[in-house]
Structure formats: structure tokens, C-alpha cells
Amino acid sequence: MNLLHLTILALVVLLSNSRCGSEARAIDDVDNSIETGVEKSSKQPSPRTRFGQDWIKFTKTPPVKIMQNPGTPVEIVCEVMGSQIPTIQWVVGHVPLSEIDSIESNVISESSASAIVKVRSVHVVDHMLSEPRIYTCVGRTGSKTIFASTTVYPQPELKDLLQLREKQFMGPTRPRIVYSERMHLDLVGSNIVLPCKVHARPRAEVFWMNEEGNLIEQNQRFKLLPSGDLLISDIKWEDMGAYKCIARNAMGKDTADAFIYPVQVRDIF
């Protein structure tokens, strides 16, 4: 891929992030369609001062409601973008809005004051529901929290078959990558971890490929962690590009792409 093209692409990502109106407006648009919440700020930082400051916004909100089909798992997708490596966690059941901020995070994440990251999470409901249930996507970074809820409705006529369906759900499933980063921007010299969390039965094999389609071999700078995450130490300008996580078992495979953009200090100041 042409280096100039990649540079322009990364700049477009940054500019679209600051020119989408404002954080408050972006969340207001979400509020019109689903139950969401965010700590709003009237003063918006410029693209150059967004490094090191807490900000987060939805880039893909989960749907308001989903009807569960017979014998089919439900997948709810949520994406956020923000500073300092935002995280996503899911809360099951009704939670008062006043308690969202007090929920302890169950996501372990690296921290970097200079990073701008887009995170994607997929919550898999792999059993038949007997009644409607609320699933809330909670995005966090620093002091900022946003959230959006989805209600999953069961098929009323399937209640009598619930036990049968639950047994069928216990069978093998193809891998589904449920937590990954779509884009990671950070300073040259930083250490970054690209997550690749997988839902699968039986356990999936996880490996990574670079933009040229070559398998990433472990060395002093690139390490595949037991969790399936990829650790890249001391990132360099030449590390810029797309990295693909592949999860595979006997039932099939799933992939997720993450774009890394190393930034020179002079590009910020």
C-alpha cells in the first residue's frame, strides 16, 4: 500500500473524529434512537490537544432491540473510539443509570496517555431466553463513561422448547472474535497490545498475519500472548499497516483487522 495513501487515511480518521460536530452532538444523535448515557462537555479539544485528554464516543451503537430466532445465538455489536485505550464491557440485566459509573470494570487493558484507539466488542447470547433481557454496552476511558442498551426478545412460542434448545446450544460453534481493536494510533517507541478475544467451542487456535499476508513470527518485538493478543514492543514507523487476527477451529474461522498508525512527536506539536 502506498505510504502517502496510508498517511492520508490516518489523517482522515483524526479529522473525522474532531469534525463529526462535537462529542456532545455525536452522543445526542445516539440518544434519539437508543437508551444511552455520556458525561458531556461543552468545551471541545482541538485535534492537537486531544492527546492525553479523556474523550470517548460511539462509532457503532448496538440496536435498540433484537428478536432471538429459534436455535440461533444472538450477537450484539458495539464499537467505541477514544483516548488512552478505551474499554468495553457488557452488563446483563436492568441497571439504574445512576449505578453505571460505579460498576467495576472486568476488562484488563493497557494504558497509554498518547493513544487513540477504536475498540470493537461482540456480546454473544448462546442460549435461548425465556423472557426479554437487557444487555448494556459500557465504554470507558479515564473519567469518561458512555453506555447503550439492547433488549433481546425471545420467540413466545418457543418457551416450551427452551430445555431442548439449551442442550443444542452446548454443541460445537465456529470461532467468533468478540473483542478487538479496529485502529490503534500511538507514539513511535510505544508498546502496544492488539487484543483478540475469541468465543468458540472447541477452543480456537489464534494466530496473526501482517499486511503482506505473512504469518507473524515471534521475536524480540512481536510476541503472541497466551490470551491470543499480539504484543508489539517499541513500535516503529515501518510497523504502520493492517494486522489480521485469525481464530480457527474444526467448525470454521473468524478474522479481525487492526490498523496500526505510529505517530512522530513532531506530528502532534
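The values are calculated or read from the model by the stated rules, or taken from the named source; none is laboratory data. Here the structure is a predicted model, which is why all the values come from computation and not from measurement. No Cβ is skipped: glycine too gets one built from the backbone with ideal geometry, and neighbour counts run over all protein chains shown. Remember, those area values only see protein heavy atoms, side chains included, never the ligands or the DNA or RNA. Shrake-Rupley method; radii C 1.70, N 1.55, O 1.52, S 1.80 Å.
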Requested in this report: Out of the residues in region 240-269 that are charged (D, E, K, R) and at pLDDT below 95, state the one that is most open to solvent (accessible area, probe 1.4 Å).
Outcome: Arg266
Query raised in the report: Looking only at region 44-88, which residues are farther than 15 Å from Ile116 by Cα, modelled with pLDDT under 95 and in contact with a helix residue (DSSP H, G or I) (Cβ under 9 Å, 6 or more places away or on another chain)?
Result: Gln44, Gln68, Pro70, Gly71, Pro73
**Report entry** Those residues of region 219-234 which are within 22 Å of Val263 (Cβ to Cβ), in a loop (DSSP other than H, G, I, E, B) and under 21 Å from the mean Cα position of the chain (by Cα), in sequence order
**Finding:** Asp229
Query raised in the report: How many residues, within region 193-218, are assigned to a strand (DSSP E or B) and open to solvent by less than 70 Å² (accessible area, probe 1.4 Å)?
Result: 11
Report task. Within region 224-239, track down each residue that is within 15 Å of Val178 (Cβ to Cβ) and open to solvent by less than 20 Å² (accessible area, probe 1.4 Å). Result -> Gly228, Asp229
Requested in this report: Of the numbered conditions (1) crowded, with 17+ Cβ neighbours inside 10 Å; (2) assigned to a strand (DSSP E or B); (3) polar (S, T, N, Q), Ser190 fails exactly one; give the number of that condition.
Outcome: (2)
